[in-house]
Structures are given as structure tokens and as C-alpha cells.
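Okay, structure first, notes after.
The values are calculated or read from the model by the stated rules, or taken from the named source; none is laboratory data. These figures come from a predicted structure and were not determined experimentally. Cβ sites come from the backbone with ideal geometry, for glycine too, and all protein chains shown count toward neighbours. These area figures cover heavy atoms from the full protein model, side chains too; ligands, DNA and RNA do not enter into them. Shrake-Rupley method; radii C 1.70, N 1.55, O 1.52, S 1.80 Å.
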Amino acid sequence: QQTHRRSTECITRQTRNIYRKAYSETQLLDVLPKEFKDGESYHCITAGDVDSLSYLKVVLRQQNLDYCLFSTWCMAADDILQIEEWLQSGKIKKLDAYVGEIFPGTYKMEWKKLNEVFDKYKCGRIAVFKNHSKIYAGYGDKFAFGIETSANINTNPRTENGCITIDSGIFEFYKSYFDGIISFQ
């Protein structure tokens with residue numbers, strides 16, 4: 001059951017979601033090192049108290065990103081607003097999005113908002129394809145990375161796994177694959 005409201009006219013941000021996301025980030029900050037090191041991977045298993053986007057947020061605490069891609073089957077409106085804030089503030093300069101084939105038809109308001117954000121910031125491309133992967137990959141001036149999670153970009157109170165790998169090879173692996181995707185749209 002969805003806990004956020006859907007509307008074609010506005011997006012309602014619920015305070016409990018904002019607090020939950022803050023709590024989610026603190027859970028990761030408690031277990032991850034203060035500075036990531038090249039060549040290391042950080043594996044996490046969570047008990048439903050960490051959202052997928054929190055993994056990217058801990059990377060953004062250490063560096064702004066010149067480029068990032070994300071891949072998800074679906075995503076929530078609050079998460080699109082968070083991404084927009086990062087684009088607006090310059091924390092992410094260029095961004096590509098890869099979403100599942102169900103996204104445009106099932107998550108119509110989120111699809112519309114995602115396209116509006118990408119049009120507004122001219123930040124990259126959105127590709128729709130038979131996708132169920134949950135990946136972030138990118139780089140900044142300190143390191144390149146790949147993040148793999150079992151969770152979509154949404155609030156999901158279930159046990160999920162995640163791994164942050166600090167390595168240019170993992171970034172190049174995902175970038176090369178996703179650059180080859182031909183969108184349905």
C-alpha cells in the first residue's frame with residue numbers, strides 16, 4: 001500500500017517521510033567509514049530502516065558529483081524532489097536515469113515530474129526499458145563509485161542489501177552498459 005498521495009496537480013511531501021529519510025541516512029553513517037577508500041567495497045544489510053537513496057546521499061557527503069546515473073524499476077515523488085534539490089544546488093552536475101517499462105504508465109505523476117526535472121536542468125537522458133536493476137554509478141573529484149542495492153528508489157520498510165564500491169572500474173562497467181540502452185520512449 002502506497003503511503004504518499006498521488007495527484008496530477010501537486011506533490012505532497014509528508015513530514016514522516018522526511019524524518020524517515022534523515023533517520024535512514026544516519027543508520028548508514030553509523031556503520032560506514034567517514035572517508036571511502038579507493039578499491040574498497042562496503043556491504044550492508046538493513047532491517048527495513050534504510051532507503052536506497054541514502055546510499056547515494058552518503059557518497060554526496062564526501063564529494064559533489066560531476067556525473068551520476070541511477071537505475072530503478074520505479075521511484076517515489078519525494079525521491080525525485082530530492083534529486084531535483086541536488087541538481088539545483090550543484091551537488092550533481094550531470095545525471096542519467098534508467099527506469100523500468102512500468103514506470104511511465106503506472107507511476108504517471110512521478111514520470112511527469114522526472115521529465116520536468118530533466119527538462120529544467122538539461123542534465124542528461126531518461127531511458128525506459130525492461131529494467132529491474134537498482135544501481136547508482138558516478139564520479140566526482142575524489143573517487144568513482146558504483147552502488148548496488150536490492151531496493152528501488154522509494155521508501156520500503158523491508159530488509160534490503162546494498163554495496164558501495166569505490167573504484168573507477170565498477171563505474172566504467174555500469175556506464176558502458178547503460179550507455180548502450182535503447183529507450184522505449
Give 147, 170, 164 a once-over and let me know the one that is open to solvent by 20 Å² or more (accessible area, probe 1.4 Å) and among the hydrophobic types (A, V, I, L, M, F, W, C).
170
Unique residue being in a strand (DSSP E or B) and of a type in the set (Lys, Arg) when the list is 37, 94
94
When restricted to 126, 92, 83, the only residue under 15 Å from residue 51 (Cβ atoms), among the β-branched types (Val, Ile, Thr) and touching a helix residue (DSSP H, G or I) at 6+ places or on another chain (Cβ under 8 Å) is 83
For region 173-185, what are the residues that are farther than 20 Å from residue 42 by Cβ and either touching a residue at least 12 places away in the same chain (Cβ under 8 Å) or open to solvent by less than 20 Å² (accessible area, probe 1.4 Å) (or both)?
175, 178, 181, 182, 183, 184, 185
Would region 102-122 turn up any residue that is assigned to a strand (DSSP E or B) and modelled with pLDDT of 95 or more?
no
Of the residues in region 123-144, those that are in a loop (DSSP other than H, G, I, E, B), over 17 Å from residue 76 (Cα atoms) and open to solvent by less than 30 Å² (accessible area, probe 1.4 Å) come to 123, 140, 143
Given (1) open to solvent by less than 10 Å² (accessible area, probe 1.4 Å); (2) within 24 Å of residue 44 (Cα to Cα); (3) not in a strand (DSSP E or B), number of the condition residue 99 does not satisfy:
(3)
Only listed residue being under 22 Å from residue 160 (Cβ atoms) and either basic (Lys, Arg) or modelled with pLDDT under 95 (or both), chosen from 53, 60, 69:
53
For region 20-66, which residues satisfy the criterion of being open to solvent by less than 70 Å² (accessible area, probe 1.4 Å) and among the small types (Gly, Ala, Ser)?
22, 24, 39, 41, 48, 52, 54
